[in-house]
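What follows is calculated from the coordinates using simple rules that are stated; it is not laboratory data. Predicted, not measured: the structure shown is a model, and the values here were computed from it. Cβ coordinates were reconstructed from backbone atoms using ideal geometry, including for glycine residues, and neighbour counts include every protein chain displayed.
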Amino acid sequence: MPRLAPHPPAIAGPSLSPLSRGEGWGEGQVSAIIPTLNAADTLPGLLEQLQASAIVKEIIVVDGGSFDDSVCIAKAAGASVIETMRGRGLQLAGGAAAALGEWLLFLHADCRLEPDFETAVRTFLAAQVAGLQAGYFDFALDDTAAAARRLERIVAWRCRVLALPYGDQGLLIARSLYRAVGGFAPVPLMEDVDLVCRLGRGRLARIGARCISSSRRYRREGYWRRPLRNLFCLSLYFAGVSPYRIARLYG
């Protein structure tokens with residue numbers, strides 16, 4: 001695994017034991033953190049969904065220098081907005097540092113959670129080991145094409161066999177566990193793989209609800225070409241290539 005740029009060390013937090021529970025567990029416990037960069041086309045739908053959720057305490061949009069109306073849309077929706085340098089790892093880390101919730105929910109701006117996601121999240125939060133594990137959603141695409149279903153099956157296999165969920169599946173993690181593993185590294189990409197690898201298989205759990213991502217990039221770049229490029233970048237990462245160098249190639 002490559003040597004990453006220095007990032008904030010683990011911060012002492014609550015003991016990694018199951019979190020306290022009671023009647024109405026899950027209500028207002030979650031801080032949703034969304035990194036954005038020119039996401040005006042997709043952000044409104046996600047914000048509307050999260051605003052309607054009883055379990056979401058706050059919504060934090062961390063913008064990396066958008067030229068469109070992303071920041072205005074977030075502010076108009078009542079989200080807290082942080083403006084920072086471009087870089088998904090840096091943006092996610094900044095949002096986590098500002099969050100007030102006991103749980104952190106990291107989501108990409110071009111996704112939607114399926115309508116009944118709260119039921120699955122509540123079940124996950126109520127589990128006795130919830131504070132010891134991070135949860136991820138099932139990958140899905142908003143496309144009826146057979147190629148989309150094939151890619152969803154491949155991602156399900158990757159998660160089940162390799163324990164490698166990506167950031168486009170969302171990540172729900174207790175603040176205490178997030179701090180214990182050191183949080184997101186401020187890197188331009190592969191920040192999701194880096195954090196998941198530090199968590200390890202034993203601290204990852206499937207939530208059981210879908211995170212439905214926009215298929216626009218797959219339709220534009222191809223349902224084979226884009227996944228193969230992602231696999232190439234992943235291979236470079238595990239071969240020890242710096243995320244900064246991969247970002248130059250990826251971009």
Worksheet item: Counting Lys and Arg as +1 and Asp and Glu as -1, what is the net charge of the other residues whose Cβ lies under 14 Å from the Cβ of A76?
Response: -3
Worksheet item: So for the chain: antiparallel DSSP bridges make up what percent, rounded to the nearest 5?
Response: 30 percent
Worksheet item: Between the DSSP loop rule and a limit of at most 15 other Cβ atoms within 10 Å, which trypsin sites (Lys or Arg not before Pro) in the range 44-151 are left?
Response: R86
Worksheet item: Which of Y136, Y244, Y166 comes first, and how do the rest follow, when ranked by fewest Cβ neighbours within 10 Å?
Response: Y244, Y166, Y136
Worksheet entry | Inter-site label distance for Y244 and A146 at 7 Å from Cα along Cβ, in nm | 4.6 nm
Worksheet item: Under the definition of Cα pairs under 8 Å and six or more residues apart, what whole-number percent is the relative contact order of the chain?
Response: 26 percent
Discussion item. So if the hydrodynamic radius of the range 166-212 is defined as the Kirkwood radius over C-alpha pairs, what does Stokes-Einstein give as its diffusion coefficient at 10 °C and 1.306 mPa s, in µm² per second?
Written reply: 138 µm²/s
Worksheet item: Taking the Cβ-Cβ separation of R225 and E83 as r and a Förster radius of 22 Å, what is the calculated FRET efficiency to the nearest 0.05?
Response: 0.10
Worksheet entry | Cβ-defined net charge surrounding A247, 14 Å radius [Lys, Arg +1; Asp, Glu -1] | +2
Practice prompt. Could you please rank F67, F139, F184, placing first whichever residue has the fewest other Cβ atoms within 10 Å of its Cβ?
Written response: F67, F139, F184
Worksheet item: Relative to the Cα centre, what is the charge dipole magnitude of the chain, using +1 at the beta carbon of each Lys and Arg, -1 at the beta carbon of each Asp and Glu, and rounding to the nearest 20 debye?
Response: 1140 debye
Discussion item. Once each part is reduced to its C-alpha centroid, what is the distance from the range 99-133 to the range 47-67 in angstrom?
Written reply: 14 Å
Discussion item. Can you classify the range 30-221 as rounded, prolate or oblate using the Cα gyration tensor, where a ≥ b ≥ c are the square roots of its eigenvalues, rounded means a/c under 1.5, and otherwise it's prolate if a/b beats b/c and oblate if not?
Written reply: rounded
